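Colleague: Below is a structure I'd like to ask you about.
The values are calculated or read from the model by the stated rules, or taken from the named source; none is laboratory data. Here the structure is a predicted model, which is why all the values come from computation and not from measurement. Neighbour counts run over all protein chains shown; Cβ positions are idealised from the backbone, glycine included. Just so you know, the surface numbers come from the protein's heavy atoms only, side chains and all, with ligands and any DNA or RNA stripped out. Shrake-Rupley method; radii C 1.70, N 1.55, O 1.52, S 1.80 Å.
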Amino acid sequence: MSMTHHAEPAVSTPPAPGRKESDGRTKQRPLALRLLARPEVGVFLGAVAVYVFFLIAAPPVRDGSSMANILYQSSTIGIMALPVALLMIGGEFDLSAGVAVITSALTASMLSYQLTMNVWLGVIVALLVSLGIGFLNGWMVVRTGLPSFLITLGTFLILQGVNLAVTKLVTTNVATDDISDMDGFGQAKKIFASSFDVGGVQVKITIVYWLVFAAIATWVLLRTKYGNWIFAVGGNKESARAVGVPVTFTKISLFMLVGFGAWFVGMHQLFTFNTVQSGEGVGQELIYISAAVIGGCLLTGGAGSAIGPVFGAFMFGMVQQGIVYAGWNPDWFKAFLGVMLLGAVLINLWVQRTATRR
């Protein structure tokens, strides 16, 4: 009887789990570095540091009403910083954002007062004007190919001059007339400039709007096709166009979103103070952009978040009011602003290099 010998197949034994050799290139980065790579983490830590600093340096900050006031100041910056941040992620700037706020408020105020009609007419027309300004900015950027910095700088100068000249022409003054006794004012004030009680502290409605807008912007960026388009056109618009991204629509809509933010903040200012100073708004665009940059939005576009500018705006509000509560000269605010901006840019640069280091 012959016995047949069957050869065993040559099978290499796979390495045991957890003992896979690595050349260092595929090694997972530590959790701390992965967290730091998120643009909003650094500004969150900065916001905590600023809050703790003024908590010690300015005891009135510990009061609930003081914190409500700080959050209110932050919200008026943050509501505009959100669309500005989205625009920056899309690779563009809008230097007319500050004066556009005043333009919307002046439009609603003067139109309602001069025509002696319900203030809601002025509110609606102001919305159309604000969206129109945003559309014009976006259309000119897309059609001409010129940097948005130059286009919106021109818009900034135009609006600044128009705000002053038209207000003087219509009212013979640099401010609009008081509209608090006009039809619809009370209803509009409840929507744009009301407050509510929380534990004996009056909280402005803009704080709620600010957080709701931030949540919506975060959802749009992370969970929608439009959010992908924003990152794509900010990273490389030609590559985005090649894969079917509607670059023209995305960029123009982002500018119009800034216009919507300008309208909303303008309505808040109008129904808070009942009148508008035509020379205001100059320089606010730099604060909005700075809040976005401090929040982790890159000047080159294609990167950023909606949460980061929320913390950036909070830092601005905290510093602005904290200086007052500490009894310091308010003129120091701009100095703190510059320090925060430079610090944020340097930290973001360090974080990017550290996070991408193999």
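Colleague: Based on Cβ point charges of +1 for Lys and Arg and -1 for Asp and Glu, what charge dipole magnitude is obtained for the chain about its Cα centre, in debye rounded to the nearest 20?
Modeller: It works out to roughly 1320 debye.
Colleague: State the answer as a single residue: which of 281, 336, 299 lies farthest towards the positive end of the charge dipole of region 40-357, with beta carbon charges of +1 for Lys and Arg and -1 for Asp and Glu, about the Cα centre.
Modeller: After comparing all options, I get 299.
Colleague: HN-Hα J couplings of region 331-336 from phi, Karplus 6.51/-1.76/1.60, θ = phi - 60°, integer Hz, Gly and Pro as x?
Modeller: 5, 6, 4, 5, 5, 4
Colleague: Please list 3J(HN,Hα) in residue order for region 127-134, calculated via the Karplus relation 6.51 cos²θ - 1.76 cosθ + 1.60 where θ = phi - 60°; whole Hz, with x for glycine and proline.
Modeller: 4, 5, 5, 5, 5, x, 5, x
Colleague: Tell me the per residue accessible area of region 40-357 using a 1.4 Å probe; a whole number in Å² is fine.
Modeller: Value returned for region 40-357: 44 Å² of accessible area per residue.
Colleague: I need the per residue convex hull volume for the chain, using only the alpha carbons, in cubic angstrom as a whole number.
Modeller: Hull volume over Cα atoms, normalised by residue count, gives 221 Å³.
Colleague: Listed highest first by mean packing, meaning other Cβ atoms within 10 Å per residue, what order do 215-228, 292-305 come in? Spell out each step's value before the answer.
Modeller: Working: 215-228: 14.2, 292-305: 23.0.
Averaged packing, sorted descending, gives the order 292-305, 215-228.
Colleague: Hey, can you rank 204-213, 241-250 by average C-beta count inside 10 Å, highest first?
Modeller: Working: 204-213: 18.4, 241-250: 14.4.
The most tightly packed comes first, giving 204-213, 241-250.
Colleague: Take the eigenvalues of the Cα gyration tensor for region 53-113, scale each by 5, and report the square roots as semi-axes in whole Å, largest first.
Modeller: So the three semi-axes of region 53-113 are 31, 20, 8 Å.
Colleague: Shifting gears a bit: I need the peptides 40-53, 121-134, 173-186 ranked by packing, meaning the mean over residues of other C-beta atoms within 10 angstrom, with the highest value on top. Intermediate values should be presented prior to the final figure.
Modeller: Working: 40-53: 18.1, 121-134: 20.7, 173-186: 15.9.
Order by mean packing, descending: 121-134, 40-53, 173-186.
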